[in-house]
Amino acid sequence: EAAGLLETGEYGFLSMVGTDGFGYGIPISFVKSGNSLYFHCAPEGYKLDCLRENPQVSFCVVGKTRVVPHQFTTAYESVHLFGTVRLDLSDEERRRALRLLVKKYSPEYEEIGEKYIEKSFHRTHILRLDIEHLSGKCKRIKGIEQ
């Protein structure tokens with residue numbers, strides 16, 4: 001189920017070590033392909049500075065949640081993984097990743113998405129997170145639909 005959440009999750013939190021030594025985490029959209037996740041971003045910025053210094057990260061996706069007030073608890077599902085981010089991908093892999101992102105988030109607009117990819121390709125950076133370990137955690141509550 002945890003791996004499945006990587007297929008269906010809308011976004012996750014990428015956590016890394018900041019250049020100042022403090023933790024740095026950001027919400028980011030993603031797509032899974034094989035044993036990797038892909039993210040897109042601007043070609044420069046603090047996130048890239050952090051990843052160049054230390055490419056080892058964690059990533060967390062929280063799926064459906066539901067607060068159950070009368071039981072003082074929350075039903076939830078989540079996956080947390082660890083891995084290494086690769087920054088220098090070939091143009092071919094970058095295009096493939098962008099197509100996967102379009103297919104996940106805008107499947108009814110793939111043709112227009114292809115044009116958008118080509119138009120913005122020079123100003124779009126792609127990161128690949130190679131998954132080294134993952135684990136999931138959930139709390140199901142009998143009689144409560146999540």
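The lone criterion from (1) under 16 Å from the mean Cα position of the chain (by Cα); (2) surrounded by 17 or more Cβ atoms within 10 Å (Cβ to Cβ) left unmet by Arg86 is number (2). Looking for something closer than 16 Å to Ile126 by Cα, modelled with pLDDT of 95 or more and assigned to a strand (DSSP E or B) - is there at least one such residue anywhere in segment 87-100? No: segment 87-100 contains no residue that is closer than 16 Å to Ile126 by Cα, modelled with pLDDT of 95 or more and assigned to a strand (DSSP E or B). Scanning segment 62-79 for residues that are out of contact with any Ser or Thr (no Cβ under 6 Å at 6 or more places or on another chain) and crowded, with 17+ Cβ neighbours inside 10 Å gives Gly63, Ala75, Glu77, Ser78, Val79. Regarding Pro107, is this residue modelled with pLDDT under 95 and within 27 Å of Gly21 (Cβ to Cβ)? So Pro107 fails the test. Of all residues in segment 26-53, those being open to solvent by 20 Å² or more (accessible area, probe 1.4 Å) and over 12 Å from the mean Cα position of the chain (by Cα) number 11.
Looking only at strands (runs of 3 or more DSSP E) that fall completely inside segment 1-82, which ones have 3 or more residues that are β-branched (Val, Ile, Thr)? Outline the logic, then answer.
On the way: elements: 12-17, 23-28, 31-33, 36-41, 56-68.
Strands (runs of 3 or more DSSP E) meeting the threshold: 56-68.
Taking residues in segment 14-34 that are free of Cβ contacts under 8 Å to residues at least 12 places away in the same chain, and partners anywhere that are open to solvent by 60 Å² or more (accessible area, probe 1.4 Å), the pairs with Cβ atoms closer than 9 Å and at least 6 places apart or on different chains are Gly23/Val17.
Residues of segment 101-146 that are farther than 22 Å from Ile28 by Cα and part of a strand (DSSP E or B): Lys139 alone. Every listed requirement among (1) modelled with pLDDT of 95 or more; (2) open to solvent by 80 Å² or more (accessible area, probe 1.4 Å); (3) closer than 19 Å to Tyr105 by Cβ is met by Glu7 save one, (1).
The values are calculated or read from the model by the stated rules, or taken from the named source; none is laboratory data. Small disclaimer: the values here were computed from a predicted structure and weren't measured. Every residue, glycine among them, receives a Cβ derived from its backbone with ideal geometry; neighbour counts consider all protein chains shown. Side chains are part of the model used for accessible areas, which takes the heavy atoms of the whole protein and leaves out ligands, DNA and RNA. Shrake-Rupley method; radii C 1.70, N 1.55, O 1.52, S 1.80 Å.
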